[in-house]
Amino acid sequence: MTRTDKAGHPTSLRCRNRELDLTSPRIMGILNVTPDSFFDGRAIHSVDHAIDRIGQMRDDGADIIDVGGESTRPGADSVSLDEEMHRVIPVLEKAVQLFPELLFSIDTTRYAVAFEAIRTGIHIINDVSGLQKEPRFTDLCSEFDTSLVIMHSQGEPKTMQKNPVYEDVLADVVAFFDRQITFARRSGVESIIVDPGIGFGKTISHNVELLAQLQVLRRWGGPVLVGASRKSMIGTILGDRPAEGRLAGTLAVHYDAMVRGAKILRVHDIREAKDTVLMYNALRSSSSPYRNYPV
């Protein structure tokens, strides 16, 4: 379950047999075991390569490793169930045992993949379809006490960025979460993470509106996750910058998200994200040793 303070802000999250402390924002590192991620600077080619990368992510400050075997970038094609299994399960079988200090999540929309990932010992199911494709995820989370990321998305990855339309993006997203979170809780899921789905069936103006109103998504009491790392929205705002040149923009978006209440940041660049969290904590803390430092 999610524990909250007197103001209703989440302070910890139960993730299977672990408690994730949320008194400080946490870093979820992206591990795409795919050949076609939109940011290919860290493509993973083997289980041993994945393990090395996870070790580096841990050393750089990651709290959670999010492992995915099917690209959800705009325009991406689906892969077979067998291929997705082949990509992620061997990595998780080894990684969960080698890195007991980390939490692991599986980024999938398939029941069979999530079930096998849970058998390896993972702690979180990260569902980019927000239970639209596989409502049985609630059964898995209830049975095994795993946390569930419910992300808002519109359409399929192949076509989701082709003229997405909302009457009122914030109202539509809030209504979506009202429905899906109610369903999940009635199914016995106690630990729910809310993700607005930046870039998933949304224009730049939709993304900006959601980020500017992010505090609204804290209304269900669970932690809010933001994943804007190096996404095309940032590239467009920065003058059509390619993914390799979007780090500064990413850090700016994630810092603002923390100010508005985000508790989990899903990122490619772990060390830089961790630095941003450390600066955020220092600047926001009334007990910071730097608060009265002479200038």
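Tell me which residues, restricted to segment 3-21, are modelled with pLDDT under 90, in a strand (DSSP E or B) and either farther than 18 Å from residue 192 by Cβ or among the basic types (Lys, Arg) (or both).
Listed by number, the list holds a single entry, 3.
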Counting only helices (runs of 4 or more DSSP H) wholly inside segment 184-274, the ones holding at least 2 residues that are within 21 Å of residue 129 (Cβ to Cβ) and of a type outside the set (D, E, K, R) are 204-212, 232-237
Margin query: For the structure I just gave you, tell me whether residue 104 is of a type in the set (Phe, Trp, Tyr) and out of contact with any His (no Cβ under 8 Å at 6 or more places or on another chain).
Written below: no
Looking at segment 141-158, can you tell me whether even one residue there is modelled with pLDDT under 95, crowded, with 18+ Cβ neighbours inside 10 Å and under 24 Å from residue 65 (Cβ atoms)?
yes
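Looking at segment 22-46, which of its residues are at pLDDT 75 or above, buried (at least 16 other Cβ atoms within 10 Å of the Cβ) and not hydroxyl-bearing (Ser, Thr, Tyr)?
Residues satisfying the conditions are 22, 25, 26, 27, 28, 29, 30, 31, 32, 33, 44.
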Of the residues in segment 110-130, those that are hydroxyl-bearing (Ser, Thr, Tyr) and surrounded by 24 or more Cβ atoms within 10 Å (Cβ to Cβ) come to none
task: State yes or no: is residue 227 of a type outside the set (Phe, Trp, Tyr), within 18 Å of the chain's Cα centre (by Cα), under 30 Å from residue 19 (Cα atoms) and at pLDDT below 95?
output: no
With criteria (1) surrounded by 15 or more Cβ atoms within 10 Å (Cβ to Cβ); (2) at pLDDT 90 or above; (3) assigned to a loop (DSSP other than H, G, I, E, B), residue 50 comes up short on (3)
Picking from 243, 273, the residue that is within 16 Å of the chain's Cα centre (by Cα) and buried (at least 16 other Cβ atoms within 10 Å of the Cβ) would be 273
Cβ pairs under 8 Å, 6+ apart or interchain, first in segment 170-197 and farther than 21 Å from residue 28 by Cβ, second surrounded by fewer than 18 Cβ atoms within 10 Å (Cβ to Cβ) and aromatic (Phe, Trp, Tyr), ordered by first then second residue, are 172/166
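The values are calculated or read from the model by the stated rules, or taken from the named source; none is laboratory data. None of the values given here were measured: they were computed from a predicted structure. Reconstructed Cβ throughout: ideal geometry from the backbone, glycine too, with neighbour counts over all protein chains shown.
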